[in-house]
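The values are calculated or read from the model by the stated rules, or taken from the named source; none is laboratory data. Fair warning: this is a prediction, and the values are worked out from it, not measured in the lab. Here the Cβ is made from the backbone with ideal geometry for all residues, glycine too, and neighbour counts use every protein chain on show. To get the accessible areas, we keep the full protein, side chains included, count just its heavy atoms, and leave off ligands, DNA and RNA. Shrake-Rupley method; radii C 1.70, N 1.55, O 1.52, S 1.80 Å.
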Amino acid sequence: MADSETGQIDNVMQEDRLFPPSEQFCQNAAIGSMDDYQALYDAAKNDPDKFWGETAREELHWFEPFDTVCNHDGSHVEWFVGGKTNISYNCLDANIAAGNGDRLAIIWEGEPGDTRTLTYKQLLTEVCKFSNVLTGQGVGVGDVVSIYMPMTPELAIAMLACTRIGAIHSVIFAGFSAEAIADRNNDASAKVQITSDGLFRRGKTLPLKDTVNAALEKSPTVECCIVLQRAKNDCAMQAGRDYWWHELMEDASADCPALPLDSEATSFILYTSGSTGKPKGIRHTTAGYNLWTKKTFQWVFDWKPEDIYWCTADCGWITGHSYIVYGPMSNGATCLMYEGAPNHPAPDRFWDVVQRHKVTILYTAPTAIRAFVKWGDEHIDKHDISSLRLLGTVGEGINPDTWIWYHEKIGGEKCPIVDTWWQTETGGIMMSPLPGATATKPGSCTLPLPGVVPVIVDEGLHPVETNHGGMLCMAQPWPGMLRGIWGDEKRFQEQYWSTFPGNYLTGDNARVDDDGYYWIMGRIDDVINVSGHRLSTIEVESALVSHDKVAECAAVGRPHDLKGQAICVFVTVKDAQAGEALRDELRLHVRKEIGALAVPDDIRFTDGLPKTRSGKIMRRLLRDIAAGRQAAGDVSTLEDFSVLAKLSEDQE
Ligand code: 7RM
């Protein structure tokens with residue numbers, strides 16, 4: 001049957017480059033061969049209860065042991081039932097008890113260049129004091145605390161203080177509008193707001209407290225607001241509602257034992273935007289989430305106590321929750337935390353940070369890597385970044401040519417790259433190379449981690465053949481999975497469980513190649529349908545990005561009378577002349593790389609692409625523009641409105 005009938009996705013991209021880990025890396029790695037990986041994978045698959053039961057007993061502190069490893073019935077899943085643990089305890093007290101209290105937990109650098117460090121002992125003291133501050137404001141188990149803060153140590157302190165006392169945090173990225181904060185506060189019935197006076201971004205001071213003041217006018221459930229002094233800008237404080245962080249901390253006791261919490265107690269909610277409708281509060285648990293982030297951090301980053309680990313995400317995203325705070329800290333890792341922009345004061349800031357702090361593991365997003373490519377190699381050449389031993393990517397697919405640049409220019413051809421596929425909903429990494437075992441292929445997230453059982457099906461719910469794309473689902477529960485959407489069971493069922501009953505629907509398309517490697521093909525909604533061929537956005541985009549002059553590209557379909565859809569690509573160029581000649585060159589290039597069927601009908605040059613605040617290309621808005629429509633739907637996550645305005649203007 002043709003792919004157009006089954007709803008499978010055509011695979012038109014061929015990528016044959018293979019990068020096995022060096023012998024030296026394998027020798028030093030905890031999982032140093034494919035045999036070791038396979039043994040672990042099989043153990044988790046064949047007897048999940050035994051595997052996860054033992055792992056949970058080994059890795060987490062239990063105030064009370066669990067009696068059942070996993071109960072599941074479709075979407076209703078519980079892990080480590082009957083047990084009591086505490087994430088904040090596992091991140092702090094447990095490391096101190098193991099004799100690592102004097103190890104650095106956080107090396108922090110502010111955008112203006114100020115730095116601070118906190119050992120695990122010092123971090124515990126701050127967390128205990130702030131836990132007592134929250135308790136003093138009437139916060140208890142199950143209360144929601146809304147956090148809207150800059151990337152300062154206090155952001156991590158606030159999160160760990162919440163999980164210590166069983167309060168549920170809802171971290172809102174500090175770039176969202178007052179409206180977006182109020183929406184989230186109301187949906188969650190937040191009781192307390194934490195923020196700062198301001199934050200530094202590209203040398204400017206952004207008045208966070210002003211934004212929060214506007215949000216709180218429309219957040220009737222919020223009773224009090226705690227304000228960290230960061231930028232020392234003037235801000236209005238409302239007597240009886242607003243308190244300074246440092247004043248409350250002055251009198252707070254540093255004694256606050258972690259509260260034993262049910263395994264399934266909600267640890268946090270994190271809002272993600274659906275393409276339509278109001279944002280959903282993804283709900284995570286205590287034990288399962290903690291265990292998933294702890295184990296996946298060990299497996300994927302091959303973490304060693306000497307490592308200086310830097311994840312460049314913001315704590316406002318799941319990547320910051322799982323791989324700045326909870327995963328690394330429950331292992332006792334030393335995390336670098338950076339407050340500001342990658343190009344302030346100059347485009348070499350990241351490499352300056354890597355050099356000065358001797359970073360060994362760097363975990364960042366393809367959108368950042370594409371910007372570095374565009375800014376030019378000279379910014380990297382200024383610095384000695386040879387301390388790096390491992391690189392990671394997350395958030396979007398990485399175009400193979402961008403991957404090669406990352407490998408050569410940043411990794412010095414010696415660092416493995418872990419392309420990690422996962423979602424807010426999955427809690428932690430699901431598919432990734434293990435750096436000491438897996439030979440990598442540029443653009444592939446390679447293989448599932450132990451405990452992950454993916455299945456790819458077509459629209460008739462039949463498993464697809466090798467090298468055909470379909471809907472990526474998960475056939476088995478894993479400890480880190482979401483347990484619901486806050487206050488919206490119906491949407492939870494519809495969105496994730498109704499398409500392929502009994503399986504979790506990721507919303508992404510993927511294919512498996514002849515070696516069993518997974519290739520993510522983009523969101524299900526983004527597929528381009530040309531003359532009966534269903535094409536993945538990433539494959540068309542990667543063909544264009546492999547052209548020297550292209551910096552970044554987004555491909556979408558627009559209505560076409562004969563073909564169903566035509567391919568429209570939005571292209572930003574490095575520094576070449578954008579014009580008719582380059583259009584011809586690019587068409588020729590795609591014809592050569594993929595074939596005639598993927599040659600774009602429209603090539604539109606642009607200075608920038610519309611992205612979410614976490615750096616993902618918003619193809620849905622480009623689809624509207626390509627079709628000559630007004631860009632519609634939820635735009636609250638859009639990072640830079642001027643990009644959209646400019647694209648819409650170009651229409652006229
Ligand atoms: C961690 C995070 C999730 C969506 C996911 C994908 C895309 C993320 C990759 C990727 C290809 C990757 N959570 N995505 N990582 N696509 N390769 N390595 O980003 O909830 O914000 O987004 O991001 O579409 O479904 S998220």
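Some points to look at:
- Residues being touching a residue at least 60 places away in the same chain (Cβ under 8 Å), surrounded by fewer than 18 Cβ atoms within 10 Å (Cβ to Cβ) and not in a loop (DSSP other than H, G, I, E, B) - total across region 584-617: 1
- Qualifying residue in region 161-181 (condition: touching a His at 6+ places or on another chain (Cβ under 6 Å), at pLDDT below 95 and surrounded by fewer than 24 Cβ atoms within 10 Å (Cβ to Cβ)): no
- Here the strands (runs of 3 or more DSSP E) wholly within region 410-476 that include at least 2 residues being near the ligand (Cβ under 10 Å from one of its atoms) and of a type outside the set (Phe, Trp, Tyr) are 417-420.
- Residue that is without any contact (Cβ under 8 Å) to a residue 60 or more places away in the chain, under 30 Å from Lys574 (Cα atoms) and more than 12 Å from the ligand (Cβ to nearest atom), where the choices are Val540, Val527, Val512, Val550: Val550
- Among (1) under 24 Å from Phe130 (Cα atoms); (2) open to solvent by less than 10 Å² (accessible area, probe 1.4 Å), the one test that Leu216 misses: (2)
- Region 498-509 - residue that is surrounded by fewer than 17 Cβ atoms within 10 Å (Cβ to Cβ) and on the phi < 0 side of the Ramachandran plot and, of those, farthest from the ligand (Cβ to nearest atom): Pro501
- Residues of region 316-339 that are open to solvent by less than 10 Å² (accessible area, probe 1.4 Å) and within 25 Å of Lys204 (Cβ to Cβ): Gly316, Gly320, Ile324, Leu336, Met337.
- Residue satisfying all of: in region 605-642; under 23 Å from the mean Cα position of the chain (by Cα) and of a type in the set (Val, Ile, Thr); farthest from Lys278 (Cα to Cα) among these: Ile617
- For region 477-506, the set of residues classified as touching a helix residue (DSSP H, G or I) at 6+ places or on another chain (Cβ under 6 Å) and assigned to a strand (DSSP E or B) consists of Gly484, Ile485, Tyr504, Leu505, listed by residue number.
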